[in-house]
1. Of everything in the range 30-81 that's part of a helix (DSSP H, G or I) and aliphatic (A, V, I, L, M), which residue is surrounded by the fewest Cβ atoms within 10 Å (Cβ to Cβ)?
2. Which of the numbered conditions does Y13 fail, given that it passes all the others? Conditions: (1) at negative phi; (2) outside any helix (DSSP H, G or I); (3) surrounded by fewer than 20 Cβ atoms within 10 Å (Cβ to Cβ).
3. Taking interchain pairs and intrachain pairs at least six residues apart, which have beta carbon atoms under 6 angstrom, with the first residue in the range 19-43 and more than 18 Å from L75 (Cα to Cα) and the second assigned to a helix (DSSP H, G or I)?
4. What about T20, is it more than 13 Å from the chain's Cα centre (by Cα), at negative phi and modelled with pLDDT under 95?
5. Restricting the search to the range 85-111, which residues are over 14 Å from the mean Cα position of the chain (by Cα) and touching a residue at least 24 places away in the same chain (Cβ under 8 Å)?
Amino acid sequence: MARLKKTYHYYVYVVELDETVWNEARFRRANPDYRFDKPCVYVGMTGLDPDLRFDRHKAGIQSNRYVRDYGLRLLPHLYEVYNPMPYDGAADMEVELGIGLREAGYAVWQA
């Protein structure tokens, strides 16, 4: 009997947010070390293709309000190398990616 190769279908993704999200006090408080030469971003994980997940955010379907109201585009150069992965890996990578981007000076929101 042939053994099936396990395929993974979880993804981390990064959405660039409009800089006006900085006017949100809660967003500012979460990013005290933000460097203004970097973008504001949302980091998430999903079992969907990141493009579809972004479209769902923008349509208000299970959306984060920062992505719905301020989301501009996906930034695949920041996450494609990690995808796809198992659920636990994606959950861990979402946190690690957010921490890494924040340390690099990005303003980061994670749900």
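The values are calculated or read from the model by the stated rules, or taken from the named source; none is laboratory data. Here the structure is a predicted model, which is why all the values come from computation and not from measurement. Positions of Cβ are generated from backbone atoms using ideal geometry, with glycine treated the same way; all protein chains shown enter the neighbour counts.
1. Residue satisfying both the conditions and the ranking: V81.
2. Against the list (1) at negative phi; (2) outside any helix (DSSP H, G or I); (3) surrounded by fewer than 20 Cβ atoms within 10 Å (Cβ to Cβ), Y13 comes up short only on (3).
3. F27/V21
4. No; evaluated as a whole, the condition is false for this residue.
5. M85, P86, Y87, G89, A104, G105
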